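The values are calculated or read from the model by the stated rules, or taken from the named source; none is laboratory data. Quick caveat, the model's predicted, so the values are computed rather than measured. Ideal geometry is used to build each Cβ from the backbone, glycine not excepted, and the neighbour counts take in all protein chains shown. Accessible surface is based on the protein model in full, side chains and every heavy atom, while ligands, DNA and RNA are left aside. Shrake-Rupley method; radii C 1.70, N 1.55, O 1.52, S 1.80 Å.
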Amino acid sequence: MLLKGLFWSALGALAWTHAGYPLAAGLAARLRPRPVRRDPSAEPRVTVVVAAHDEDSVIERRLENLLALDYPPGKLEIVVASDASSDRTDELVEGVAAREPRVRLLACPRGGKVAAQNRAVRATTADVVAFSDANATWAPDALRRLVAALADPDVAYVCGRLRLEAADGSNREGLYWRYELWLREQESRLGSITGGNGSIYALRREDYPEVDPRFGHDLALPYLLVQRGRRAVYEPQALASEKPTPTNEAEFRRKVRMFEHCWLITLRGSMLRRLPPGYLVAIVSHRLLRYSSGVLHLVLLGSSLLLVAAGPVYAAALAAQLGVLAAAAAGRPLARYYTLVSWATVVALRNYLRRGVPATWEAAEGTR
């Protein structure tokens, strides 16, 4: 009975997080949408923060892109929070700042991305703080799109859409990434998203919560703001682009680093407290169960092996799992990516339990 309980629990959790919850969220978003009251004419004072560590290969291009945004120059400030860069990052930023008063360098001791972002927010008095990675490129109207959503008094956080583009400009978004963006849009229509992205997002400065430097903003900020009674939404028209990781191996290492922080927040960040019932379901379904998917697959595989003689259902489940693994080994893109992401959650959990999570970070390979 114990084995069968484990089998059906793991199978049910995986089916719900990957299929049941997205379908339920999509249906609920159509039946009971909660529109964002955007104001396209809003022009608050904005500070765009770019946290950077050894980004001399891209930082000048990043600043030129931000300076070219369609936003009133007198209401835009750009702060590069340099996390103890040891290359020419600081020198290049100061060179741009010497001819462009909207740009400012904030030299920080090595403490990690979030620590640098916290310092930058403390150093500004703008109405809105926006954040971007050093290797991202924003569309000219991206900032306007973000602040238009923040004009809704219920909204404290808004993230844009990240497009993955190769150097020649071709789209590199896979089916899994498009599925995640679709689900994020459904959550936003319902009320609040359960996760953002670090390439393009903004908050009212008065709502900005300083978090543990080991936490990432992508997962921590949305639920923290919902705990405060605010909304965290998605604006798909606010576009940013980045280069994707060039190989599956590099993507696996990036995912492991990302999931280490996710496990820390999930287990130590009090993310299930003081949440509205609907959002609690979303957090458990989209985040907690998703991060547990690798462990759930191991439980499902092990129980299937031990129960294979107990009935055709268990034999079919085992055959299906072996089929996915075989497809991944054969290089089928979706199967390989799904297997990679699932295994990354297991490796990340092991790393977190063995050594914790560092606050500092390095740039993802091949994305500059």
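In the set (1) under 18 Å from Asn197 (Cβ atoms); (2) loosely packed, with under 15 Cβ neighbours inside 10 Å, the condition left unmet by Glu91 is number (1). Filtered by the rule that a residue be part of a loop (DSSP other than H, G, I, E, B) and either more than 22 Å from Gly20 (Cα to Cα) or within 16 Å of the chain's Cα centre (by Cα) (or both), region 241-294 gives Lys243, Pro244, Thr245, Pro246, Thr247, Gly269, Ser270, Met271, Arg273, Arg274.
A single entry from Leu280, Leu288, Leu267, Leu300 fulfils the requirement of being touching a Leu at 6+ places or on another chain (Cβ under 7 Å) and closer than 22 Å to Gln227 by Cβ: Leu280.
For region 182-197, residues that are more than 19 Å from Arg230 (Cα to Cα) and open to solvent by less than 10 Å² (accessible area, probe 1.4 Å) total 1. With respect to (1) farther than 30 Å from Ala84 by Cα; (2) assigned to a loop (DSSP other than H, G, I, E, B), the lone exception for Leu305 is condition (2). When Glu206, Glu173, Glu180 are checked against the criterion of being in a loop (DSSP other than H, G, I, E, B) and either at pLDDT 90 or above or of a type outside the set (S, T, N, Q) (or both), a single residue qualifies: Glu173. Only one of the listed residues (Leu322, Leu353, Leu298) is open to solvent by 60 Å² or more (accessible area, probe 1.4 Å) and either closer than 22 Å to Phe215 by Cα or of a type in the set (S, T, N, Q) (or both). That residue is Leu353. Taken together, Tyr291, Tyr314, Tyr279, Tyr234 contain a single residue that is in contact with a strand residue (DSSP E or B) (Cβ under 8 Å, 6 or more places away or on another chain), among the aromatic types (Phe, Trp, Tyr) and open to solvent by less than 40 Å² (accessible area, probe 1.4 Å), which is Tyr234. Remark: Gly111 matches the filter, which requires a residue to be surrounded by fewer than 23 Cβ atoms within 10 Å (Cβ to Cβ) and under 23 Å from Thr360 (Cβ atoms). Ala126 satisfies every condition listed in (1) modelled with pLDDT under 95; (2) open to solvent by less than 40 Å² (accessible area, probe 1.4 Å) except (1).
Considering each residue of region 211-223 in turn, at least one proves to be surrounded by 19 or more Cβ atoms within 10 Å (Cβ to Cβ), over 16 Å from Tyr157 (Cα atoms) and under 14 Å from the mean Cα position of the chain (by Cα).
With the structure loaded, tell me whether Pro22 is at pLDDT 95 or above, open to solvent by less than 30 Å² (accessible area, probe 1.4 Å) and not β-branched (Val, Ile, Thr) or whether it fails that test.
The answer is yes for Pro22.
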